[in-house]
Amino acid sequence: MATVYVPYGTVEGQTAKIAEYIAGVIRSHGHEATTADIKSAGDGLPDGVDAVIVGASVHIGKHESQVRDFVRTNREALQRLPSALFSVSLAAAHGGEQEAERYVEKFEAATGWRPARVGLFGGALLYTHYGFVTKQVMKTIASRAGTGDTDTTRDYVYTEWDGVKHFTEDFLEGLGS
């Protein structure tokens, strides 16, 4: 049985939901999992961690600065332990996989960490949670992307949960080898 730490950064909450889902998959396979919002948990790795899956969302073309700081602080441990990154963006949801991969490449360059496994997951447009200005900006972005998801009276979730499950199970298989 392994103890897996799943620290994440989130702005709107979708990355937190994905982290909790990952932890559930890990537990369903008989391992221990702890999630932590880096903003409140800080930069330290807990004692007794066997593996780490770091999560970060992309906003304005960059992952959260606190996640970059966490990875820089723990780069040596992340290189030594089995570790992975999952990146959450709208680009990953709308056929912009190359753009989503570029976000990860910039993250790797900024942190010096090259995770062995990377998951690219679609995020969410949470119009009902946004203020007026953010709602209009996100509607414009969605319109330009050609998604058609511009009804601001509802939310759109693009996360493919089966993909998240497979990413997690692949990671767990790697722990056994």
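The values are calculated or read from the model by the stated rules, or taken from the named source; none is laboratory data. Quantities reported herein were computed from a predicted structural model and do not represent experimental measurements. Ideal geometry is used to build each Cβ from the backbone, glycine not excepted, and the neighbour counts take in all protein chains shown. Surface areas here come from the heavy atoms of the whole protein model, side chains and all, with no ligands, DNA or RNA. Shrake-Rupley method; radii C 1.70, N 1.55, O 1.52, S 1.80 Å.
Figures for the structure shown
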quantity	calculated
Residue ID - modelled with the lowest pLDDT, chosen from residues in the range 13-33 that are under 13 Å from Gly55 (Cβ atoms) and not aliphatic (A, V, I, L, M)	Gly13
Filtered residues of the range 91-135 (kept if modelled with pLDDT of 90 or more, surrounded by 13 or more Cβ atoms within 10 Å (Cβ to Cβ) and out of contact with any helix residue (DSSP H, G or I) (no Cβ under 8 Å at 6 or more places or on another chain))	Glu101, Arg102, Val104, Lys106, Glu108
Qualifying residue in the range 66-80 (condition: assigned to a strand (DSSP E or B), modelled with pLDDT of 95 or more and surrounded by 15 or more Cβ atoms within 10 Å (Cβ to Cβ))	no
Out of Ala84, Ala41, sole residue that is among the small types (Gly, Ala, Ser), open to solvent by less than 60 Å² (accessible area, probe 1.4 Å) and within 25 Å of Leu126 (Cβ to Cβ)	Ala41
Residues being closer than 19 Å to Ala77 by Cβ, in contact with a His (Cβ under 8 Å, 6 or more places away or on another chain) and part of a loop (DSSP other than H, G, I, E, B) - total across the range 1-58	2
Enumeration of residues in the range 149-166 that are open to solvent by less than 60 Å² (accessible area, probe 1.4 Å) and not in a helix (DSSP H, G or I)	Asp149, Thr150, Thr152, Asp155, Tyr156, Tyr158, Thr159
Count - residues of the range 21-52 that are in contact with a strand residue (DSSP E or B) (Cβ under 6 Å, 6 or more places away or on another chain) and of a type in the set (Asp, Glu)	2
Filter result for Glu173 (farther than 15 Å from Glu12 by Cβ, at pLDDT 85 or above, under 23 Å from the mean Cα position of the chain (by Cα) and open to solvent by 80 Å² or more (accessible area, probe 1.4 Å))	yes
Number of the condition not met by Glu64 [criteria: (1) over 15 Å from Tyr8 (Cβ atoms); (2) under 13 Å from the mean Cα position of the chain (by Cα)]	(1)
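Listed here are the residues, each with its yes/no results for (1) without any contact (Cβ under 8 Å) to a residue 24 or more places away in the chain; (2) closer than 26 Å to Val54 by Cα; (3) β-branched (Val, Ile, Thr).
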| residue | (1), (2), (3) |
| --- | --- |
| Arg75 | no, yes, no |
| Leu78 | no, yes, no |
| Val104 | yes, yes, yes |
| Gly112 | no, yes, no |
| Ala116 | no, yes, no |
| Thr128 | no, no, yes |
| Val133 | yes, no, yes |
| Ala145 | no, no, no |
